[in-house]
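Take a look at the structure set out below.
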Amino acid sequence: MVAFAGLMIIITFTGCTKEDPSNANYVSPASYSTPPPLLDINLVANNWFNSAREVYVDLFQGVLGMSNTSGNRTVLIYIEEGGKEVQINQRHIAYMGNELWATNTATDVSIVYRCSTRMPFSSINVRVEVR
């Protein structure tokens with residue numbers, strides 16, 4: 001009886017084979033691609049107003065109104081500098097010797113430039129991406 005139980009255990013263990021993930025429909029997490037943006041907008045900041053002493057703002061009202069305004073989104077705001085896109089809504093950057101950054105609300109995007117002299121440029125190309 002003990003020999004029969006031992007034989008059953010051996011048959012049970014050898015009858016099960018582990019499936020190799022390389023043979024299955026396995027997709028590595030590293031191969032996942034970033035989903036495309038929900039909204040990708042190219043803007044030109046060229047309508048600056050002096051909102052406070054030494055602070056200039058270009059406000060794009062309503063540009064995010066077409067995307068999910070519930071808060072379940074990520075807004076990324078970039079400018080092109082030196083041939084590369086630089087994100088400006090996560091931090092202030094040095095731009096032409098002064099500070100540049102961006103903010104957003106549920107529907108609006110603001111580009112902000114702080115300088116103690118006259119603005120050294122009249123326009124900046126901006127790209128807004130909503131994920």
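We did not get these values from a lab; they are worked out from the coordinates using the rules stated. Keep in mind it's a predicted model, so treat the numbers as computed, not measured.
For Glu99, list long-range residues whose amide hydrogen, built 1.01 Å from N in the peptide plane, is under 5 Å from its own amide hydrogen.
Amide H to amide H, under 5 Å and 5 or more residues apart or across chains, Glu99 pairs with Arg114.
Could you calculate the contour length gain from Met119 to Arg91, that is, 0.36 nm times the residue separation minus the distance between their Cα atoms, to one decimal place in nm?
Contour length minus Cα-Cα distance gives 8.1 nm.
What full-extension length gain, to one decimal in nm, is calculated for Asn47 and Asp108 as 0.36 nm per residue of separation minus the Cα-Cα distance?
Result: 20.5 nm gained on full extension.
Once amide H atoms are placed 1.01 Å from N in the peptide plane, what residues at a sequence separation of 5 or more from Leu39, or on another chain, have their amide H within under 5 Å of its amide H?
Val130
Which whole-Hz ³J(HN,Hα) couplings does the range 51-63 yield from phi under the Karplus relation 6.51 cos²θ - 1.76 cosθ + 1.60, θ = phi - 60°, glycine and proline marked x?
Karplus-based 3J(HN,Hα) across the range 51-63 equals 7, 7, 4, 6, 10, 10, 10, 10, 9, 9, 7, x, 5 Hz.
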